[in-house]
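The values are calculated or read from the model by the stated rules, or taken from the named source; none is laboratory data. Quick caveat: nothing in here was measured; it's all calculated off a predicted structure. Positions of Cβ are generated from backbone atoms using ideal geometry, with glycine treated the same way; all protein chains shown enter the neighbour counts.
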Amino acid sequence: MVRKRTIALGVVGGVIAGFGAANIYQRVATETVPYTVVARLDDVELRRYPKVVIVETTADSQTAAFRRLFQYIAGANADTTEIEMTAPVELSAGGATISMTAPVEVSGEDGSRMRFYLPAEYDIESAPRPTEDSVELLEISERTVAVRRFSWRPTEARIDSETEALLDKLDAANVPLAGEPFFMGYDAPWTLPFLRRNEVAVEVESSF
């Protein structure tokens, strides 16, 4: 019995190690939107993000919006160019989470507005033009973002709780907000909960 239990534990440990190695490879292989940490408030980072180019659409559902944008980076653009996906996933903090590794922003106010962030090699002039009328290229100016990091599954309740903690910290430090909170996820769907990198964030006034 002890031997069987030891073997079973060894198998489980090997599976966890395998998932961990795959997760590390995925993070190394995936381009991440760059930033510079300009200040810290305990467990909150104030980050400066550079100007970036995004591709955006609004649809009746997140699935439909994702499909449009994925088709764009898969080659449904004027140059028929395949574009690498980057990280993180970004969506409104109060919305349902999305299981993917992609540069995405979603807002559910008028349907599902979703954004993919393009790799740093592209600017608004060089990025391939969408062939779908409902897909649009946009440029986001440099911004300062306050970020709080957490792990495990990013359920709506957990995101709401972490967002409240983030906003309370900023309020206590008298940091003025410049936008609405959102969520950023960095991992593939199969990532083990304790290995996940999740963040809640909000744009703040750039006085740092």
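Report, by residue number, each residue of the range 191-208 that is among the hydrophobic types (A, V, I, L, M, F, W, C) and under 14 Å from the mean Cα position of the chain (by Cα).
Keep residues of the range 191-208 that are among the hydrophobic types (A, V, I, L, M, F, W, C), which gives 192, 194-195, 200-202, 204, 208.
Residues satisfying the conditions are Val200, Ala201, Val202.
Scan the range 72-84 and tell me whether some residue there is closer than 19 Å to Ser126 by Cα, touching a Lys or Arg at 6+ places or on another chain (Cβ under 8 Å), at pLDDT 75 or above and not in a loop (DSSP other than H, G, I, E, B).
Of the residues in the range 72-84, the ones closer than 19 Å to Ser126 by Cα are 72-84.
Next, from what is left, pick out any that are touching a Lys or Arg at 6+ places or on another chain (Cβ under 8 Å): 77-79.
Add one more test, that the residue is at pLDDT 75 or above, and what stays is 77-79.
Narrowing the set further to residues that are not in a loop (DSSP other than H, G, I, E, B) leaves 77.
Taking every residue of the range 72-84 in turn, at least one turns out to be closer than 19 Å to Ser126 by Cα, touching a Lys or Arg at 6+ places or on another chain (Cβ under 8 Å), at pLDDT 75 or above and not in a loop (DSSP other than H, G, I, E, B).
Just to be sure I understand the filter: pairs with C-beta atoms under 8 Å, separated by 6 or more residues or on different chains, first member in the range 65-86 and surrounded by fewer than 20 Cβ atoms within 10 Å (Cβ to Cβ), second member assigned to a helix (DSSP H, G or I) and among the hydrophobic types (A, V, I, L, M, F, W, C). Which pairs pass?
Glu82/Ile73; Ile83/Ile73; Glu84/Ile73
Yes/no per residue for (1) touching a His at 6+ places or on another chain (Cβ under 8 Å); (2) assigned to a strand (DSSP E or B); (3) modelled with pLDDT of 95 or more:
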position	(1), (2), (3)
Met100	no, no, no
Asp110	no, no, no
Arg113	no, yes, no
Phe116	no, yes, no
Asp123	no, no, yes
Pro128	no, no, yes
Ala146	no, yes, yes
Arg149	no, yes, yes
Trp152	no, no, no
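Could you say which residue among Val55, Val44 is surrounded by 14 or more Cβ atoms within 10 Å (Cβ to Cβ), under 26 Å from Val147 (Cβ atoms) and at pLDDT below 95?
Values: Val44 fails: at pLDDT below 95.
Testing whether each residue is surrounded by 14 or more Cβ atoms within 10 Å (Cβ to Cβ), under 26 Å from Val147 (Cβ atoms) and at pLDDT below 95 leaves just Val55.
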